[in-house]
Every structure is written in structure tokens, then in C-alpha cells.
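Rule-based calculations on the coordinates, nothing more; no lab input. Note that the structure is a prediction, hence the values are computed from the model and not measured. Cβ placement follows ideal geometry from the backbone for every residue including glycine, while neighbour counts extend to all protein chains displayed.
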Amino acid sequence: MRILVAITEVATPDDTIEFSDKSITESNFTYGLNEWDEYAIEEAIQISESTANSDVISVTIAPPRAEKTIRMALAKGVTKAIRVWDPQLESLPFVDPRLKAKILAKVVSTISPDIILTGVQSSNDCWGSTGVALAAEVGFNWATLVTDLELSGDVAHVRRELENGVDELAEVTLPAVFTIQTGINEPRYASLRGIKQAQQKELETLSFSDLSTDPEEFQSNINLIEFSLPTSDNTIQYFEGTPKEQAAQVATIIKDLGFGGG
Amino acid sequence: MSPILIIAEHRQGIINPDTFGLLTAGIELSTALDTEAHVAIIGKDPEKLAQDINIDGIHTIHTFSTSLTYNHDIYVQTISSLFNKIKPSSILSLHTSTGTDYCPALASILDVPLLPDAIAINYTDQLEILHEMYSSKLQAKLASPLPAIITVRAGVWPTETAPGNASIEPLNISINEDAINFKVKDYEETPIGDVDISTSDLLLSVGRGIGDEANLELIFSTAEAMGATVSSSRPIVDAGWLPKDRQVGQSGTKVSPSIYLAIGISGAVQHIAGIKNSKVIISINKDPKAPIFDASDYGVVGDLFEILPALLEEFR
Ligand SMILES: Cc1cc2nc3c(=O)[nH]c(=O)nc-3n(C[C@H](O)[C@H](O)[C@H](O)COP(=O)(O)OP(=O)(O)OC[C@H]3O[C@@H](n4cnc5c(N)ncnc54)[C@H](O)[C@@H]3O)c2cc1C
């Protein structure tokens with residue numbers, strides 16, 4: 001079984017974001033693997049470990065900077081990695097989900113996976129849409145928000161996590177794309193041996209001209225007008241002072257509302 | 001201008017109440033475009049469901065009768081044919097487990113732009129939406145040509161409605177059964193254990209800022225001292241430190257306590273979705289830019305490992 005896992009690199013959530021109208025200043029970010037993709041990689045590796053003749057190939061649309069993050073995926077047990085980047089992408093403020101899907105679809109057609117795993121979303125872009133767009137692009141079936149995945153023959157039994165604590169149990173015919181939700185498994189840490197081996201594993205880089213005779217087909221149909229800070233009409237009272245003074249003010253509120261024996 | 005098409009959301013015979021906010025968003029956009037707002041309902045007994053959303057501002061409700069359970073292949077086929085029939089100026093759906101399950105495929109198949117998770121929609125001389133990125137710390141204003149598919153965040157648009165008299169038009173579409181490769185078998189609800197956080201009046205809620213499972217001790221002892229129930233954000237449950245029935249949020253439990261104390265929780269949209277009905281929200285977070293403060297009444301910017309022990313002392 002050949003498993004493709006589409007993974008992405010993100011800035012960590014507590015990074016301070018500096019930006020202009022049209023671009024984000026990335027130099028002050030700390031980068032890492034997208035949280036959802038940690039689980040997608042683990043799921044892919046677990047499937048490959050329990051299925052004879054399997055390999056796991058990862059694909060990432062990212063500049064060279066991401067290679068450190070990609071090596072971590074290789075260290076965890078991904079067999080081979082592909083990184084796609086092109087000068088055409090340099091000038092874009094982000095890659096929209098349909099464009100991501102179009103690029104990934106070309107990679108799918110060259111490596112012919114049986115199943116594809118992605119994270120539910122990336123914490124930076126928050127599109128939550130790339131997996132399903134990719135499925136439609138390559139003509140695969142799909143299941144989203146997967147918290148349990150069992151393959152049997154050409155069918156997958158999945159548990160999908162909906163809203164309000166409701167799960168859906170569904171069946172999907174392979175080949176298929178699965179978008180993986182956090183909590184589906186316990187992502188492993190890379191072993192020292194894995195980290196060493198990762199240096200020897202193949203990390204192929206592809207540009208648009210490697211993927212298509214017509215690189216013009218990789219156009220975004222979404223334009224960025226501007227970035228801005230979120231606005232809020234919320235009024236909040238901050239408690240200042242030493243931790244002890246701050247705690248005392250919190251306690252006063254709690255006691256005034258009739259709790260904590262106040 | 002051709003109509004705006006809104007896809008109503010429902011599960012097992014019940015309209016998702018967030019559909020009313022979606023309808024508001026769609027009607028507003030249809031007004032801006034000076035066109036009609038149409039709705040599609042795909043499911044079992046759609047004419048009956050249509051009655052529930054026959055509100056002022058909707059011109060036509062297209063119904064398609066199919067199975068009780070949701071099926072994305074049927075949605076994609078039905079909406080594609082309706083798209084080709086009425087050539088809408090745009091399609092709107094909720095950005096939910098349902099909307100995000102079929103809209104991206106629909107956008108690829110119809111080859112139209114996809115604008116995910118909109119928190120505002122505008123049309124003056126082009127279609128523009130606001131989309132949050134970087135864990136809600138940045139907003140992007142995005143534009144695209146018409147028609148586009150927009151998934152709309154739940155809980156943002158007003159839900160008040162007045163009765164309407166849209167015409168209800170059953171769709172005559174034949175589904176290609178061979179192209180149905182996805183089937184829902186069953187639904188299951190998270191079983192509730194010994195505590196039901198949805199009925200708790202004082203919640204002490206812990207997030208990833210707690211760092212380590214061993215530190216939960218501090219949370220439990222503080223909760224005990226003040227008489228609070230412990231709940232959490234999703235990563236705490238994902239890590240297996242607390243059971244699923246303690247998870248607050250969109251995919252967990254919606255809570256409505258008198259006081260919600262958020263400790264080391266950043267305030268992701270999916271978390272905020274579960275705490276909106278709290279009377280008072282108090283947040284402790286070391287990041288002054290954490291979005292949780294935008295939802296809070298009181299805030300402490302600081303290290304929870306300094307503030308919680310002091311808070312515990314206050315109740316000893
Ligand atoms: C479809 C879907 C459904 C989801 N459903 C839910 C849901 O139901 N509930 C839910 O919670 N999430 C849900 N999520 C996940 C959500 O997107 C976030 O990933 C999650 O809420 C983050 O949890 P957190 O705030 O605890 O962690 P983080 O975002 O990592 O935030 C940790 C916070 O702790 C602060 N901190 C760190 N150390 C300290 C310290 N020493 N003192 C004080 N503060 C500190 C940091 O500044 C940060 O703000 C869902 C996601 C998706 C895609």
C-alpha cells in the first residue's frame with residue numbers, strides 16, 4: 001500500500017505577527033509541523049507498519065526553510081519526502097486551498113497512492129478545505145474529520161467527529177483522502193536513530209515546470225486585498241499588580257458572584 | 001444578476017439553528033447584489049424542513065428528497081445540477097463538519113473560487129470576505145470573481161427572522177448511484193460520565209498552557225478549594241489527560257456557567273463556540289494577544305503557575 005501524507009509547516013501560535021497590508025513578516029516566526037499533520041503522519045506510519053509492502057511519502061508545498069520540519073517527518077518513519085516550491089509562489093501571500101489541491105494533484109498523479117492523509121486544517125491558513133478539494137481534483141473519495149480509521153479491502157470504516165459531541169460512523173470506498181482530526185492517535189517522537197536515518201532519506205524538490213508543461217495553470221482565483229488585526233467591540237477589565245494582587249481580584253469576582261464560600 | 005443560493009443544514013430531520021445566521025448572510029448578499037435569495041434543502045421530507053426556514057427575504061426554496069442521513073456525493077451531484085440550472089451568483093454554506101465536507105469538492109468540480117470560513121461578506125464592486133488566519137491573530141480581506149462558494153462561520157450573523165412566503169420547488173434530478181462511494185452507517189454521542197460540565201455553574205477550564213499532565217494537580221486542587229468543576233480545551237483531551245466529556249467547544253460540549261475561568265487557553269474559534277453562553281468569563285494567559293481576551297469580561301495577563309497558587313490561597 002502506498003500512502004501519501006500532505007503536510008505543512010506553520011508558525012507557532014504564540015508568535016507575534018508582524019505584517020504589512022499585503023504580506024506577513026516571517027523572519028520572527030518559530031516554525032514547526034502543523035498540529036493536525038502530526039496526527040496524519042502517525043496514522044500513515046501506523047497503517048504502513050501493519051500493512052505489507054507499504055511506504056509513506058510526504059508532500060509539502062513550502063520554501064526551502066521547511067526542510068528541517070520535513071526531516072522530522074522522515075525521522076518519525078516517513079519513507080520519502082517531496083517538497084514543491086516555485087518562484088511563482090514567492091509573490092503570493094498564501095496558497096489558497098484550490099491552488100494547493102491543484103499542485104498536490106500533480107504529485108498524486110506521479111506517485112499513484114492508494115490513500116491520502118492530510119490534517120483537518122493548518123493553524124496558519126485555517127482553510128480546512130484542502131483535503132476535500134484534493135479528493136475532487138484527483139477523483140478520489142473522501143472522509144473528513146476522521147478520529148478512527150480502519151481499512152478492510154477496498155473499503156475504509158471511519159469515525160467522523162461532528163459538532164456537539166456527535167460522531168458519525170461511515171464507510172468510504174478506496175482510493176480515498178482522509179482528513180485527520182487531532183486525538184486520533186498518539187503521535188510518536190522521533191528516535192535518535194530515526195533522526196540519523198532521516199539525513200539519508202530522499203527529499204525530492206519539485207517546481208511547477210516539473211509538474212506541468214503549462215505552469216500557468218497554477219493560478220490562484222482569490223486575491224488578498226489586505227491583512228489587518230482583528231477588531232473587537234468587547235470590553236474587558238484587566239487585573240494588574242503582582243500575581244498575588246491579581247489573584248485576589250479574581251477571587252473577589254468569584255466570591256461576589258456567590259461562589260467559593262464568599 | 002442571478003440569485004444567491006444558500007444550502008440549508010440539517011441533521012436527522014432537524015434544521016441546524018446556525019442555518020438562520022447563514023440565511024441572514026445570504027439574504028444580505030442578495031440585497032447587495034440586488035438579486036433573489038434561493039435556498040436548497042437536500043434530505044428526507046425536504047418540504048417539511050422547508051417550512052421551518054421559509055423566512056422573509058427568501059424567494060425560492062429548492063427541495064430534493066433523498067435519504068435521512070447526509071451524503072456528500074448526493075450533495076455534490078444535486079448542487080452541481082442546480083448550479084447549472086439557476087446559474088447562481090454565489091453559493092453559501094456553513095463552515096461546519098457538513099459544509100467543509102462538500103463545498104471544497106463542489107468548488108473543484110464547478111471550477112469556481114472557494115472562500116472558506118467567512119466572518120464578513122461584502123459586495124460593492126467585487127465580492128469580498130474576511131477570513132481569520134494564524135489562530136485568529138490576523139484577518140485577511142479576500143476578493144474573488146463571481147460565482148464563488150463561501151463557507152460561513154456559524155454564530156456570526158443575526159438569527160432573528162420573520163415568516164416569509166417563498167415558493168417551494170421540488171427538484172427533478174436523477175442521481176448517479178454508481179458515483180455514491182460514501183455511506184453513513186450510524187451516529188454516536190459522547191457518553192457523559194460522572195460529571196456533566198453543561199450543568200456546572202462554575203467551571204475552571206484548563207488548556208495547553210498547563211504544559212504537563214502532572215500540573216493538572218494544581219488545577220484540581222484550586223477547583224476543589226473554590227467549588228468549581230474542571231473542564232478543558234481540546235488538546236488536554238487529545239493527550240488523554242482528561243476524558244472527552246470534559247472538553248468544551250464546538251466538537252465537545254457547549255457550556256453556560258455563571259463563571260468560566262479559562263486558564264492557559266488561547267481562545268480558538270472552536271473553543272469560543274462552546275463558551276459564548278457563559279455569564280462571566282475570566283481568562284488567565286501569558287500572551288496579551290491571545291484571542292481569549294476578546295471574549296472575556298476579566299483578564300489577567302500573566303503566568304498561570306504564579307497566579308493559580310495565589311488563587312488557591314485565596315480560597316483556603
Ligand atoms: C473541527 C475542529 C473542531 C475543534 N473543536 C474544538 C473544541 O471543541 N474545543 C477546543 O478547545 N478546541 C477545538 N478545536 C481545536 C482548536 O482549534 C485549538 O487547537 C484548541 O482549542 C487550542 O487549545 P488551547 O487553547 O488549550 O491550546 P493553545 O492554542 O496551544 O493555547 C495555549 C495557551 O496557553 C498560554 N500559555 C502557555 N503557557 C502559559 C502559562 N505558563 N501561563 C499562562 N498562559 C500560558 C499560551 O499563551 C496560549 O494562549 C477544534 C479544531 C477543529 C479544526
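From the phi angles alone, apply the Karplus equation (6.51, -1.76, 1.60; θ = phi - 60°) to the stretch B:161-173 and give each ³J(HN,Hα) in whole Hz, x where the residue is Gly or Pro.
9, 10, x, x, 9, 5, 7, 9, 10, x, 8, 10, 10
Taking chain A, how many lysine pairs are there with alpha carbons less than 30 Å apart, if each pair must be eight or more places apart or span two chains?
For chain A, the number of qualifying lysine pairs is 25.
May I ask you to list the residues of the stretch B:103-139 whose amide nitrogen lies under 17 Å from a point 7 Å from Cα along the Cα→beta-carbon direction of B:Ser80?
Those under the cut-off are B:103-114.
Of the candidates B:Ile180, B:Ile41, B:Ile55, which one comes out as most mobile in a Gaussian network treatment of chain B with C-alpha springs shorter than 10 Å?
So, out of B:Ile180, B:Ile41, B:Ile55, the one fluctuating most is B:Ile180.
Could you work out which residue, out of A:Ala170, A:Ala105, A:Ala248, moves most in a Gaussian network model of chain A, that is, has the largest mean-square fluctuation with Cα springs under 10 Å?
Result for chain A, Cα springs under 10 Å: A:Ala248 fluctuates most.
Compute the helix-to-body angle for A:35-49: its Cα long axis versus the longest principal axis of chain A, expressed 0 to 90° and rounded to tens.
Rounded to the nearest ten degrees, it is 40.
So, in nm, how far is label A:Thr12 from label B:Asn215 when the simple model puts each one 7 Å beyond its Cα toward the Cβ?
Each label point is offset 7 Å from its Cα along the Cβ direction, giving 1.3 nm.
What's the extension gain from B:Asp111 to B:Lys44 if we count 0.36 nm per residue and subtract their Cα-Cα distance?
Gain on stretching B:Asp111 to B:Lys44: 21.3 nm.
For B:Gly299, enumerate residues with amide H under 5 Å from its amide H, sequence gap 5+ or separate chain, H modeled in the peptide plane.
HN-HN under 5 Å from B:Gly299: A:Gln237, A:Tyr238, A:Phe239, B:Ser283.
Would you please state which residues of the stretch B:95-118 a label at B:Ala179 would reach in this model, taking the label point 7 Å out along Cα→Cβ and a backbone N cut-off of under 17 Å?
Only B:102-112 fall inside the zone, counting backbone N under 17 Å.
First check a/c for the stretch A:67-114, with a ≥ b ≥ c the square roots of the eigenvalues of its C-alpha gyration tensor; if it is under 1.5, answer rounded, and if not, answer prolate when a/b is larger than b/c or oblate otherwise. All intermediate terms of the calculation are to be shown ahead of the outcome.
Working: a/c = 2.49, a/b = 1.32, b/c = 1.88.
It comes out oblate by the Cα gyration axes.
About the Cα centre, and with charges only on the beta carbon of Lys, Arg (+1) and Asp, Glu (-1), how big is the dipole of chain A? Nearest 20 debye, please.
Computed charge dipole of chain A: roughly 760 debye.
May I have the pair-distance distribution P(r) for the stretch B:4-179, computed from all Cα-Cα distances with 10 Å bins from 0 and rounded to whole percent?
The percentages, shortest bin first, are 10, 42, 37, 10, 1.
In degrees from 0 to 90, rounded to the nearest 10, what is the angle of the helix B:72-86 Cα long axis to the longest principal axis of chain B?
Helix B:72-86 sits roughly 50 degrees off the main axis of chain B.
Suppose we keep just the alpha-carbon trace of the stretch B:1-101; what are its Rg and Dmax in angstrom?
Here Rg and the maximum Cα pair distance are 12.4, 35 Å.
Rounded if a/c is under 1.5, else prolate if a/b is larger than b/c, else oblate: which is the stretch B:236-275, with a ≥ b ≥ c the root eigenvalues of its Cα gyration tensor? Let's see the in-between values first.
On the way: a/c = 1.44, a/b = 1.40, b/c = 1.03.
Since a/c stays below 1.5, the shape of the stretch B:236-275 is classed as rounded.
I want to make sure I understand the PRE zone here: with the label point 7 angstrom from the Cα of B:Asp201 toward its beta carbon, which residues in the stretch B:207-227 have backbone N atoms less than 19 Å away?
Those under the cut-off are B:223-227.
Just counting partner chain Cβ atoms within 10 Å, what average do the residues of peptide B:92-105 show around their Cβ?
Details: counts 0, 0, 1, 4, 2, 11, 4, 2, 10, 11, 4, 4, 17, 12.
Average per residue, whole number: 6.
Per-residue HN-Hα couplings for the stretch A:212-229, Karplus 6.51 cos²θ - 1.76 cosθ + 1.60 at θ = phi - 60°, whole Hz, x for Gly and Pro?
Listing the rounded values in order: 7, 7, 10, x, 5, 5, 8, 9, 8, 9, 10, 10, 7, 7, 6, 8, 8, 7 Hz.
If you average the C-alpha positions of the stretch B:81-125 and of the stretch B:270-316 separately, how far apart do those two centres end up, in angstrom?
36 Å
I'd like the distance separating the alpha-carbon centroids of the stretch A:50-89 and the stretch B:208-264, in whole Å.
35 Å
Is it possible to state the helix-based mean residue ellipticity at 222 nm for the protein assembly as shown, with each DSSP H run of 4+ residues giving -39500 (n - 2.57), the sum divided by total residues, to the nearest 500 deg cm²/dmol? What is it?
-8000 deg cm²/dmol
Out of all Cα-Cα pairs in the stretch B:192-258, roughly what percent, to the nearest whole number, are more than 16 Å apart?
41 percent
Starting from 0 in steps of 20 Å, tell me what percent of the Cα-Cα pairs of the protein assembly as shown lands in each bin.
Cα pair-distance distribution for the protein assembly as shown, in percent: 20, 53, 25, 1.
Taking H placed 1.01 Å from N in the peptide plane, check which residues at least 5 places from B:Glu169 or on another chain put their amide H under 5 Å from its amide H.
Hits under the 5 Å cutoff: B:Ile61, B:His62, B:Thr63.
Per-residue HN-Hα couplings for the stretch A:77-90, Karplus 6.51 cos²θ - 1.76 cosθ + 1.60 at θ = phi - 60°, whole Hz, x for Gly and Pro?
x, 5, 6, 8, 10, 10, 10, 10, 8, 8, x, 4, 7, 3
Over chain A, with a Gaussian network built from C-alpha contacts below 10 Å, which listed residue (A:Glu35, A:Glu186, A:Glu67) shows the highest mean-square fluctuation?
Among A:Glu35, A:Glu186, A:Glu67, the largest mean-square fluctuation in the Gaussian network model of chain A belongs to A:Glu186.
Work out the P(r) tail for the stretch A:1-92: percent of alpha carbon pairs separated by more than 20 Å, whole number.
Values: 1755 of 4186 pairs.
That fraction is 42 percent.
Just report the Cα centroid separation between the stretch B:144-182 and the stretch A:161-191, whole Å.
26 Å
Roughly speaking, what is the stretch gain from A:Ser191 to A:Leu257, that is 0.36 nm per residue apart minus the C-alpha to C-alpha distance, in nm to one decimal?
Contour length minus the Cα-Cα distance gives 18.7 nm.
Sorted from largest to smallest, which semi-axis lengths in Å does the alpha carbon gyration tensor of chain B give for its equivalent ellipsoid, taking the root of 5 times each eigenvalue?
So the equivalent ellipsoid measures 41, 21, 17 Å along its semi-axes.
So for the stretch B:132-289, Kirkwood radius off the Cα pairs, Stokes-Einstein at 37 °C and 0.692 mPa s: how many µm² s⁻¹? All intermediate terms of the calculation are to be shown ahead of the outcome.
Working: Rh = 19.0 Å.
In µm²/s, the coefficient rounds to 173.
Please state the charge dipole magnitude for the protein assembly as shown, taken about the Cα centre, from unit charges on C-beta atoms (+1 on K and R, -1 on D and E), reported in debye and rounded to the nearest 20.
Using only the charged Cβ atoms, the result is roughly 560 debye.
For helix B:216-226, what angle does its Cα long axis make with the longest principal axis of chain B, in degrees from 0 to 90 and rounded to 10?
With rounding to tens, the tilt is 80 degrees.
Compute the FRET efficiency between A:Thr242 and A:Ser20 as 1/(1 + (r/R0)^6), taking r as their Cβ-Cβ distance and R0 = 41 Å, and round to the nearest 0.05.
For A:Thr242 and A:Ser20, the calculated efficiency is 0.60.
Which value, to two decimals, describes the C-alpha radius of gyration of the stretch A:2-217 once divided by 2.2 N^0.38 Å?
So the Cα radius of gyration is 0.99 times the expected 2.2 N^0.38 Å.
If you place +1 on the Cβ of every Lys and Arg, -1 on the Cβ of every Asp and Glu, and leave all else neutral, what size is the dipole of the stretch B:4-179 about its Cα centre, to the nearest 20 Debye?
Taking the Cα centre of the stretch B:4-179 as origin, the dipole is about 180 debye.
Hey, any idea what Rg/Rh is for the stretch A:155-219, computing Rh the Kirkwood way over Cα pairs?
Computed over Cα atoms, the ratio is 1.14.
Between A:Leu206 and residues 5 or more places away or on another chain, which pairs have amide H atoms under 5 Å apart, with H built 1.01 Å from N, and which residues are they?
Residues meeting the amide H criterion: A:Arg83, A:Val84, A:Trp85.
Mind listing P(r) for the stretch B:102-163? All alpha-carbon pairs, 5 Å bins, whole percents.
Bin by bin from 0 Å, the calculated values are 4, 16, 24, 22, 19, 11, 3, 1.
Let me know the number of lysine pairs in the stretch B:4-179 closer than 30 Å at the Cα, not counting same-chain pairs under 8 apart.
5
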